[in-house]
Structures are given as structure tokens and as C-alpha cells.
Amino acid sequence: MKKLVPFLLLLIVTAAMAQDAVIPVTLLNSSKAGPERYLGADSYGWRYTVLDNELRKEKDGRTLKFKALSLGDIYRADLQNPLQIVLFYRKFNTVVLLDNQMNETSRINFSDIPQPVIADAVGLASQNRLWVYDITTQQVGLYDLAKGTFRTLASPFNDGIRYYQNDYNYFYWVDNANSWFAVNLFGKVNSLGKLPEFDQLQIVSPRSVIYSKDGTMYHFDPVAGTNTVITIVEKSFRSFYYAGEILSIFTHSEIIHYKITLLK
């Protein structure tokens, strides 16, 4: 019996630790949602959605719209700089730049540049440049908007790209083996670890990832090796978006906003 007591205490402590291994959230508000695809929000509080291949920018009852009829589906939108929105039309190998009033300021067809590329990933980089991943050479590089030139940065990505994300200084990608990497503006590549299997993903920082799998959301820290459940109520949702400690969940009928503090 004496030997059994410590063992039972260990089980109780272990169970308690397992129960604590979640990230709680606080419901802030919810609103009705339509069929549009939510892209995110900028630092000025504008909300961006896509409906019928039209980009919509909404705030306080005001709506601005942009649509390129000849280019079809908007594959990705980079909203880092509200004064220079980047729309990527992958099917037509083309990027369109918009100002803050949703006016087109530039259009680049990567098939027509001096060193043509077939873009599979595009995002805004610093100093008036774009990150571009060329699927033909499997290399990432920088396109200079002023000069109209493209320069590769790193060796080919042998395992392709399953997911990508970028900021001004880094291009992040997850390959088909779920290995996570980052390349900087000078071409230095860093391995950031191996990610769990996921359905949807958002990179928060080099050591912080939010992802969903089979209707459950998680926070993953590859440095600490922790994988923690995020306790949202919704078990079925179209997508999610995290920014500024606000986690937004998009179902087929609602947008739900939670306050969340990620583990560090």
C-alpha cells in the first residue's frame, strides 16, 4: 500500500498537468458571415474579403472594391502594407499592386520579364521588392519592382512547397515533408524544425505556429517541442486568422473573435 500511494500521486499530478496543457480563450464577439472568403485585417482596422474574385475592403459601413476580370481567381493577397496591397493571380502568373484606395498601381506578368519565371508563391519584401518562388527552378528570389529584374537567392527546394508565408525580411515555407524553413534577404536559409501534420496553418513567429487538424486547433513551439490545444468551441470552421492576440474563427455562418495569449 505504501508503494502504491506515491504511484497514485504521480498519476494524479500527471493527469493534472495533461489537463493544464491547453491554451484558454475568451470570447470577445461574433457576427454574421456570408459566403465571402475572409483574408484578414490591416493595422487601420479595415477588413478584407474576396467574393466572386473581387477583393473587398470594408470598415464602418464603407466598402472599396477591386476586380481584375481577365485574371480570374485571387490566389493570395499580401496585406502587410495597406498602401501597397499585393494580389497574386497564380493561374495567369501575374501580380497586381493596389494603393490604399484599391486603385491598381502596377501589374507584373512574370512570363514577360527579362528572366521569365513561373511563380508559385509571391509576397511583399522590403525595399520595393517581391518574394517570388519560381516553380520551374524550384528557387526563391527577389523581384525588384523599380528595375523589373528577378534575382535568385537560395538553392532549389528539393521537396517543394506545401505552405508559405512571408514578411518584409523573411520568406517562410513548409515543404511536402512538413519541414519548416526560412530564408532572409541575403539568401541565408535556416531550418526551423519539423511541423506536425496540419489541415490549415499560420506562422506567428520563428518559434510559434497555430494550426488546425481534424477540427481541433493547436499552438506549436518547435524549440520547446510543445504542442498545445487551443480551447475554441467550434469543431467545424472554414478558416482562421490570428493577429494581435485576437484569434478569428470563420464558420459558414459566423465570424467569432477570441482573445488569446499564446504560451511562451
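The values are calculated or read from the model by the stated rules, or taken from the named source; none is laboratory data. Remember, predicted model here, so these are calculated numbers, not experimental data. When we count neighbours, we look across all protein chains shown, and the Cβ atoms used for this are built from the backbone with ideal geometry, even at glycine.
Structure values in brief
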{"quantity": "Filter pass, residue 134 being more than 30 Å from residue 250 (Cβ to Cβ), buried (at least 19 other Cβ atoms within 10 Å of the Cβ) and either at pLDDT 95 or above or not aliphatic (A, V, I, L, M) (or both)", "calculated": "yes"}
{"quantity": "Set 95, 183, 117: member being closer than 23 Å to residue 39 by Cα, modelled with pLDDT of 95 or more and among the β-branched types (Val, Ile, Thr)", "calculated": "95"}
{"quantity": "Qualifying position, being in contact with a strand residue (DSSP E or B) (Cβ under 9 Å, 6 or more places away or on another chain), loosely packed, with under 12 Cβ neighbours inside 10 Å and within 23 Å of residue 182 (Cβ to Cβ), among 223, 233", "calculated": "223"}
{"quantity": "Extreme residue, surrounded by the fewest Cβ atoms within 10 Å (Cβ to Cβ), among residues of the range 186-220 that are polar (S, T, N, Q) and in contact (Cβ under 8 Å) with a residue 24 or more places away in the chain", "calculated": "200"}
{"quantity": "Pick from the range 185-199, criterion aliphatic (A, V, I, L, M) and not in a loop (DSSP other than H, G, I, E, B), ranking: nearest to the chain's Cα centre (by Cα)", "calculated": "192"}
{"quantity": "Verdict on residue 96 being of a type in the set (A, V, I, L, M), under 25 Å from residue 244 (Cβ atoms) and touching an Asp or Glu at 6+ places or on another chain (Cβ under 8 Å)", "calculated": "no"}
{"quantity": "Flag for residue 203 being of a type outside the set (Lys, Arg), assigned to a loop (DSSP other than H, G, I, E, B) and assigned by TED's automatic domain parsing to the domain that holds residue 31", "calculated": "no"}
{"quantity": "Complete set of residues in the range 175-184 that are within 16 Å of the chain's Cα centre (by Cα), in a loop (DSSP other than H, G, I, E, B) and closer than 12 Å to residue 157 by Cα", "calculated": "175"}
{"quantity": "Tally of residues being over 21 Å from residue 62 (Cα atoms) and modelled with pLDDT under 85 across the range 1-48", "calculated": "21"}
